[in-house]
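Below: the structure, in structure tokens.
Throughout, read-outs are computed from the coordinates displayed, never taken from laboratory work. Remember, it's a predicted structure, so these values are computed and weren't measured experimentally. All Cβ positions, even for glycine, are placed from backbone atoms using ideal geometry, and neighbour counts span all protein chains on display.
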Amino acid sequence: MPFVEINYKNIYFDPEVQEMCVSNNFTCPFYEHSWSCPPASPYLEKQIGTYKEFYLVYSKFDMENYLKEQKKKHPKRSELYLKSKLYYSSIHSTELDEEFDKFLSQYDKPYSKRLLLYSGTCNYCNVQDAGNCTYDSGEPCRFPKNRKYSMEAVGIEVIKTVVKLDQDIGYPSKKYTYKFGLACFK
């Protein structure tokens with residue numbers, strides 16, 4: 001099961017991470033369009049610091065084999081096109097959710113509170129067949145207790161956090177892509 005326990009001191013926080021969603025070269029399609037994304041998402045360094053246990057949970061996707069299979073099916077499509085198509089189709093994927101479910105089903109320590117941070121934008125409304133996020137309509141979030149923030153949305157620099165861990169996760173990789181989440185317990 002892909003997860004590792006980490007220390008709070010190994011989580012790299014930076015308020016500028018929330019600003020990485022929009023730049024001259026790239027604007028995330030969910031920036032200013034989701035209750036779980038900047039600028040609506042809170043910076044949580046102090047709040048996360050009140051938790052006692054931290055687990056990096058992750059999913060791993062074999063990008064190398066995916067590209068080989070897709071190139072056989074669609075030889076005229078570029079690698080960039082295939083990766084971008086995968087990116088947009090994976091926005092609402094559930095691999096990381098499934099890894100969280102597995103992790104939580106075996107987590108047997110008592111806790112009074114937990115915080116789960118995911119990858120990407122919240123997809124809870126879509127999973128519930130409730131439609132798109134209500135952010136653009138100005139209506140409040142339909143499911144505020146189930147809202148899924150990403151690590152980046154709350155100010156965690158995921159790449160720096162993962163790279164500085166002394167763990168054999170296999171990241172970065174040319175073969176695999178990863179989605180990371182964080183489970184915090186009090």
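Quick notes
- Segment ASP14-ASP168, length gained on full extension (0.36 nm per residue, minus Cα span): 53.0 nm
- Straightening the chain between VAL127 and GLU139 buys 2.4 nm, computed as 0.36 nm per residue apart minus the Cα-Cα spacing.
- Computed [θ] at 222 nm, deg cm²/dmol, the chain (DSSP H ≥ 4; -39,500 (n - 2.57); rounded to nearest 500): -7000 deg cm²/dmol
- The gain in end-to-end length when the LYS52 to VAL4 segment is fully stretched comes to 15.8 nm, 0.36 nm per residue minus the alpha carbon separation.
- Put a plus charge on the Cβ of each Lys and Arg, a minus charge on the Cβ of each Asp and Glu, and nothing anywhere else: the dipole of the stretch 3-185 about its Cα centre is then about 480 debye.
- 25 Å Cα-Cα threshold exceeded, pairs from LYS9/LYS145; LYS60/LYS102; LYS68/LYS160; LYS102/LYS145: LYS9/LYS145; LYS68/LYS160
- Across all C-alpha atoms in the chain, the radius of gyration and Dmax reach 17.1, 54 Å.
- Using C-alpha pairs under 8 Å with a sequence gap of at least 6, the mean separation divided by the residue count of the stretch 3-185 gives a relative contact order of 41 percent.
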